Amino acid sequence: MWESLNLKFSKYPARMAVAQKMFELGLRISEDGKIYCGDLKISDSALAAAANVDRRVIKSTVDVIIADEGLYEIFSNIIPAGTLIKNIAKSLNLGVIEIEAGEKSDGVLAEVAWIMSKHNISIRQAYAGDTQLNTNPVLTIITEDPIPGELLNEFIKVEGVLKVSIL
């Protein structure tokens, strides 16, 4: 998908910024060219402010996406991922761990989940940054209980892990 976007928008960085922001936020394009987050209509000016572009760039980006069957298939079917509870986890007495992975990030989630299961730590939510959008994507895991600090050494030994933070 990113290859296709790069081909379409290589000469239009503002349009690329809009497409990336739409993907990041889980925004979809409807048949009539309107932008939605779930069933909530998003104004061009609101998206333009979020993507730091002129609002006219929103319409031109949407027009290009609609004209491309492959891109439209993707952008018309995006569903927002839901609430990430990372920022309220402490208030809910949940644990949060962030794991920054390098280029070799294959299997990091599986290995980390295995370590947690070995220590009877239940995962409540997991969210990973897109490897195509981020040089070093971050895996955020919310757990039923706070993470014991002594597990840091086990997590950092996982192949592909660059940095581990317990929040």
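The values are calculated or read from the model by the stated rules, or taken from the named source; none is laboratory data. All values reported here derive from a predicted model rather than from experimental measurement. In this analysis, Cβ positions are derived from the backbone assuming ideal geometry, glycine residues included, and neighbour counts consider all displayed protein chains. These area figures cover heavy atoms from the full protein model, side chains too; ligands, DNA and RNA do not enter into them. Shrake-Rupley method; radii C 1.70, N 1.55, O 1.52, S 1.80 Å.
Some notes on this structure:
Matching residues to (1) open to solvent by 70 Å² or more (accessible area, probe 1.4 Å); (2) hydrophobic (A, V, I, L, M, F, W, C); (3) not in a strand (DSSP E or B):
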| position | (1), (2), (3) |
| --- | --- |
| LYS41 | yes, no, no |
| VAL57 | no, yes, yes |
| SER60 | no, no, yes |
| ILE65 | no, yes, yes |
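- Residue ranges of strands (runs of 3 or more DSSP E) in region 105-167 with at least 1 members of a type in the set (Gly, Ala, Ser) and in contact with an Asp or Glu (Cβ under 9 Å, 6 or more places away or on another chain): 161-166
- Cross-chain or 6+ apart pairs with Cβ under 9 Å, region 31-51 first and free of Cβ contacts under 8 Å to residues at least 24 places away in the same chain, then polar (S, T, N, Q) and surrounded by fewer than 16 Cβ atoms within 10 Å (Cβ to Cβ): TYR36/SER30; LYS41/SER30
- For the condition within 18 Å of PHE155 (Cα to Cα), among the hydrophobic types (A, V, I, L, M, F, W, C) and crowded, with 16+ Cβ neighbours inside 10 Å, MET16 does not qualify.
- Cross-chain or 6+ apart pairs with Cβ under 6 Å, region 8-21 first and within 18 Å of ILE66 (Cβ to Cβ) and in a helix (DSSP H, G or I), then basic (Lys, Arg) and open to solvent by less than 90 Å² (accessible area, probe 1.4 Å): PHE9/ARG15
- If the condition is being open to solvent by 50 Å² or more (accessible area, probe 1.4 Å), part of a helix (DSSP H, G or I) and either modelled with pLDDT of 95 or more or over 19 Å from LEU152 (Cα atoms) (or both), then region 72-104 contributes TYR72, GLU73, ILE74, ASN87, ILE88.
- Test: GLY129 is open to solvent by 30 Å² or more (accessible area, probe 1.4 Å), without any contact (Cβ under 8 Å) to a residue 12 or more places away in the chain and under 17 Å from the mean Cα position of the chain (by Cα): no
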